[in-house]
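Here the structure is laid out as structure tokens; the discussion comes afterwards.
The values are calculated or read from the model by the stated rules, or taken from the named source; none is laboratory data. Everything numeric here is computed off the predicted structure, so don't read it as measured data. Reconstructed Cβ throughout: ideal geometry from the backbone, glycine too, with neighbour counts over all protein chains shown. These area figures cover heavy atoms from the full protein model, side chains too; ligands, DNA and RNA do not enter into them. Shrake-Rupley method; radii C 1.70, N 1.55, O 1.52, S 1.80 Å.
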Amino acid sequence: MDRRFQFRGALRAGAALAALLVVGFGAGATVAAPLVSYRAIYDLALARSDQGGGVVDLSGRFVFEFEDVCDGYTTAQRVVVQTVNADGASALSDFSTTSWEARDGLRYRFNVRQDYDGQRSEEFAGQARLRGRGKGGSVAYSRPNEDIIDLPAGTMFPAEH
């Protein structure tokens with residue numbers, strides 16, 4: 001069994017989702033109330049383990065921070081999880097994202113990283129711009145490779161959504 005848990009593919013998808021965008025949920029919508037800064041901390045523990053499931057113990061912490069800053073909004077998330085398998089081997093997963101979104105909802109920067117047992121396994125970073133509300137735009141990745149991807153009309157960034 002891969003010590004990196006069997007959800008590596010899910011983390012990859014989660015990283016892309018966390019780093020990117022929400023598409024097609026009412027591009028003309030407005031926020032009804034101002035967004036409020038907050039911090040939430042959750043302690044994680046394995047409630048039960050199915051026999052033959054691979055993981056026999058799990059503990060960790062999830063921290064989510066959202067802040068209303070002068071020119072926009074910042075978000076930081078970090079999930080650190082220690083798992084132990086049936087053979088007694090343990091693995092440490094450390095996943096984090098940080099992002100900034102312009103107050104007008106047209107610009108977005110993001111960094112996503114995943115470490116396993118102290119080794120960097122994945123990293124995504126870049127910035128995105130929209131040509132206007134309800135219009136398309138593009139994402140320019142700087143990590144892991146430079147790349148530009150077009151965004152369809154109706155794309156919204158997380159705080160705007």
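General observations
- Only residues that are open to solvent by 80 Å² or more (accessible area, probe 1.4 Å) and on the phi > 0 side of the Ramachandran plot were counted in the range 136-156, giving 0.
- GLY54 more than 30 Å from GLY137 (Cβ to Cβ), open to solvent by less than 50 Å² (accessible area, probe 1.4 Å) and touching a residue at least 12 places away in the same chain (Cβ under 8 Å): yes
- Per-region count, the range 92-135, residues open to solvent by 40 Å² or more (accessible area, probe 1.4 Å) and either assigned to a strand (DSSP E or B) or of a type in the set (Gly, Ala, Ser) (or both): 13
- Top-ranked residue in the range 57-89 [being open to solvent by 60 Å² or more (accessible area, probe 1.4 Å) and in a loop (DSSP other than H, G, I, E, B); ranked as nearest to HIS161 (Cα to Cα)]: ASP71
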